[in-house]
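Notes follow once the structure below has been shown.
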Amino acid sequence: MAERGHRDGFVALSAALTGYDSAALWATGCLPEYRRQVAAVAGPALMARLDGAGMDLATLPPGPARDGAAREMVLADPDLGALARSLIQLWYLGQWTPMPADWVERNGARREDVARILSPRAYREGLVWDAIGAHPMGAKQQGFGAWAEEPPVAPEDAR
């Protein structure tokens, strides 16, 4: 049961940081892999703090209050903030961005803290593709010549 609470905190934190709801994040299939990556770099104490911050954020509805709390509780923290910024990039790009030198000096170096695309799935499921209304090149069917045309305009953006 404790593992579920930690996972729920991680999902809530990820939702607050990315702007996507938990269902969309689960649908990528990347959540367990991403949590393992962050935990491997963070270590147990920082991971517990991240999970706790996520559980606190889960009590707030999406919107300005939750965004402000995420900035104050997580992004402004010198240790959690660096992890959170790499987590955001991981969700959007499927790529881990290593911790800055000052973070490594305070928290120690980790073998898993190297720049890399985590997996082919991570690349395919990056949130960036949905955010820009496109498909990952060479990874998902989008139809012949799709990259030669402009992406479709979302209805709310049409003027």
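Derivation of every value follows stated rules applied to the coordinates shown; laboratory data play no part. For clarity, every value in this text was computed on a predicted model and none was experimentally measured. Because the Cβ atoms are built from the backbone with ideal geometry, glycine has one as well, and the counts that use them run over all protein chains shown.
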Q: Could you run the Karplus curve 6.51 cos²θ - 1.76 cosθ + 1.60 with θ = phi - 60° over the stretch 14-30 and give me ³J(HN,Hα) per residue in whole Hz, x for Gly and Pro?
A: 4, 5, 5, 7, 9, x, 9, 7, 4, 4, 5, 5, 4, 5, 5, x, 9
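Do you know the relative contact order of the stretch 1-83, to the nearest whole percent, from alpha carbon pairs under 8 angstrom that are 6+ apart?
It rounds to 38 percent for the stretch 1-83.
Fully extended, how many nm does the chain gain between Ala115 and Val153 (0.36 nm per residue separation, minus their Cα-Cα distance)?
Separation in residues times 0.36 nm, less the Cα-Cα distance, equals 10.4 nm.
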**Q.** Anisotropy class of the stretch 15-81 from Cα gyration tensor, a/c 1.5 cut
**A.** oblate
Q. So who's got an amide H within less than 5 Å of the one on Arg116, skipping anything under 5 residues away but keeping other chains? H placed 1.01 Å off N, in plane.
A. Trp96
(Q) Which of rounded, prolate or oblate describes the chain when judged by the alpha-carbon gyration tensor and an a/c cut-off of 1.5? (A) prolate
**Q.** Helical mean residue ellipticity (222 nm; -39500 (n - 2.57) per DSSP H run of 4+; nearest 500) of the chain
**A.** -17500 deg cm²/dmol
**Q.** Mean Cα-pair separation over length for the chain, i.e. relative contact order, pairs under 8 Å, 6 or more apart, %
**A.** 20
Q | 12 Å reach of a label modelled at Ala45, 7 Å along Cα-to-Cβ, counting backbone N of the stretch 101-116 | A | 106-108
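Could you tally the net charge around Asn107, taking each other residue with its Cβ under 15 Å from the Cβ of Asn107, Lys/Arg +1 and Asp/Glu -1?
So the surrounding residues net to -1.
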